[in-house]
Amino acid sequence: MRGRRLTLALAGLTLLVLAISVPQSLRDALDRGQLYLFSREFLSDIPKRLVGPGRFRFLLQPLIATLLGIRAGRVDARTGQPPYLRALLFERSLRRQLLRSGLQSVSNLVLMGVLMDSVFQWLILGASYPGAALVVGPTLIATPYAIARALANRATAAGHRARE
């Protein structure tokens, strides 16, 4: 119950910050003639995110996602589940269950990623663009999580086979 409250609070705060960002980002899109996410400016601003305030999150968020992925991958191997990425892509019957378990594992981390990206955009760029936050934040988490979960499953399963 406590974890659910935290998730709801993070979701509410993240939605609030994104909603506050919309008017300015729409104004900028009209001035620019395109959305920030699809502009050259977005690509040129990426290095600013790596050296400005909040650069530590580019290490911390993928590290935590990797640790959560390892934990989930070991559980998958112990319960006889196939490697995460392969099952997600090719096992239609398991896809919904795997997506749900992955989202449960990293939902708060994804929400924090989006929230932090929005806030740090304001600090670094002077404006916050919701589309960019919805891409950058989850990418820092989903990719290392999925890879770590799949590799941990394979390593744990191989260790079990070697012991037998």
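Some observations on this one:
- Take the convex hull of the alpha carbons in the chain; its mean projected area over all directions comes to 11.7 nm².
- Rounded to 10°, Cα long-axis angle of helix 40-51 versus longest principal axis of the chain: 70
- Region 46-112: relative contact order as a whole-number percent, Cα under 8 Å and 6+ apart: 25
- Using Cβ point charges alone (K and R +1, D and E -1), the dipole size of the chain about the Cα centre works out to roughly 740 debye.
- Ranked for footprinting exposure by Cβ neighbours inside 10 Å, fewest first, S101, S25, S93 give S93, S101, S25.
- Entry note, the chain: the mean residue ellipticity at 222 nm calculated from DSSP H runs of n ≥ 4, each adding -39500 (n - 2.57), is -30000 deg cm²/dmol after division by the residues and rounding to the nearest 500.
Read-outs: derived from the displayed coordinates by stated rules, not from any lab. A quick note: this is a predicted structure, and the numbers were derived from the prediction, not measured. Reconstructed Cβ throughout: ideal geometry from the backbone, glycine too, with neighbour counts over all protein chains shown.
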